[in-house]
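Below you'll find the structure, written out as structure tokens, and then a few comments.
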Amino acid sequence: MKIQQIRNATVKIEYSDQTFLVDPMLSKKETLAPFPSKDGNTNKNPLVDLTESISSILEGITAVIVTHNHVDHWDSRAMEVINKNTPIFVQDRGDQISIANSGFNDVRILGITEKLGDVIIKKITGQHYENDAVKQLLDNYTDTSHTMGFFLESVNEKSILFTGDTIWFEGLKSNLEKLEPGVVVMNSGGNGVESGRLILDAQDVVEIHKTLPKTLLIASHMEAVNHWTTSKSELLSVAKENDFADSLIIPNDGERLVL
């Protein structure tokens with residue numbers, strides 16, 4: 001497989017006979033409004049530019065996976081530039097309607113298990129909030145606190161699990177133990193608001209490693225939108241302290257990995 005960290009949670013993965021674009025946020029630097037943040041950061045999003053052209057990012061894409069319909073995972077620029085006939089996998093009917101209303105012709109709700117070519121795709125439960133106060137804020141601010149991750153497997157590849165936007169909770173632990181992926185891509189920027197976290201932080205990554213100590217971990221969703229709280233350097237430091245830095249990759253934007 002070939003994995004490219006594009007920016008934030010946007011990842012391009014060539015896997016078996018498919019090339020997926022995950023959670024495309026393709027807007028130019030500082031053209032989107034800031035999110036509520038834990039430390040009062042009001043910088044506009046995204047905080048950084050893309051490292052290459054949109055045409056290069058979209059080259060070869062056979063399907064898009066949108067884990068949830070928040071603007072840092074599916075933005076207006078993505079709606080403009082992605083081919084309207086591209087299959088797009090989403091978590092539920094609400095996201096399906098929203099994306100279809102933007103002119104897309106093949107928006108599919110990801111069931112428990114789907115198949116695309118030689119690739120099996122499984123939907124993974126996520127919890128996009130640390131507590132009820134954060135859940136309420138998401139419901140009010142974005143109209144939904146729902147999210148998903150997903151799991152890919154093929155006879156030609158190691159299995160890989162994308163956590164999506166989630167904190168560490170029993171559902172994630174259970175799926176990791178049950179599926180035993182060879183690779184885990186983690187949204188691990190600790191993004192949060194004053195009332196709590198929205199996604200994994202460094203200590204949550206420690207829990208993932210403890211659960212699957214032999215699995216390769218790849219960090220994504222870091223340092224690209226204004227409400228991040230866990231830096232790449234902090235995550236690496238924690239990994240070193242807990243003796244798993246050798247099984248953790250923290251790619252730079254634009255970086256390509258061949259596994």
Checked pairs for the stretch 103-120, first over 11 Å from residue 151 (Cβ atoms) and part of a strand (DSSP E or B), second at pLDDT 95 or above and of a type in the set (Phe, Trp, Tyr), C-beta under 6 Å and 6 or more apart or across chains, list as 108/89
Contact list, first residue from the stretch 201-217 and free of Cβ contacts under 8 Å to residues at least 24 places away in the same chain, second anywhere and surrounded by fewer than 20 Cβ atoms within 10 Å (Cβ to Cβ), beta-carbon distance below 6 Å, six or more apart or interchain, is none
Within the stretch 201-259, of all residues that are among the basic types (Lys, Arg) and more than 21 Å from residue 158 (Cβ to Cβ), the one surrounded by the most Cβ atoms within 10 Å (Cβ to Cβ) is 232
Looking across the stretch 105-115 at residues that are surrounded by fewer than 20 Cβ atoms within 10 Å (Cβ to Cβ) and hydrophobic (A, V, I, L, M, F, W, C), the single one that is modelled with the lowest pLDDT is 112
Looking across the stretch 50-61 at residues that are in contact (Cβ under 8 Å) with a residue 40 or more places away in the chain and either surrounded by fewer than 16 Cβ atoms within 10 Å (Cβ to Cβ) or over 18 Å from the mean Cα position of the chain (by Cα) (or both), the single one that is nearest to residue 99 (Cα to Cα) is 60
Do the conditions hold for residue 249, that is, is it among the hydrophobic types (A, V, I, L, M, F, W, C) and within 22 Å of residue 122 (Cα to Cα)?
no
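Listed here are the residues, each with its yes/no results for (1) under 25 Å from residue 177 (Cβ atoms); (2) part of a loop (DSSP other than H, G, I, E, B).
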position	(1), (2)
223	no, yes
227	no, yes
236	no, no
239	yes, no
252	no, yes
Checked the stretch 147-167 for anything assigned to a loop (DSSP other than H, G, I, E, B) and surrounded by fewer than 21 Cβ atoms within 10 Å (Cβ to Cβ); matches are 155, 156
Considering residues that are within 19 Å of the chain's Cα centre (by Cα) and either in a helix (DSSP H, G or I) or at pLDDT below 95 (or both), the number found within the stretch 72-93 is 4
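The values are calculated or read from the model by the stated rules, or taken from the named source; none is laboratory data. Source: prediction; values computed, not measured. Note that we place each Cβ from the backbone using ideal geometry, even for glycine, and neighbour counts take in every protein chain shown.
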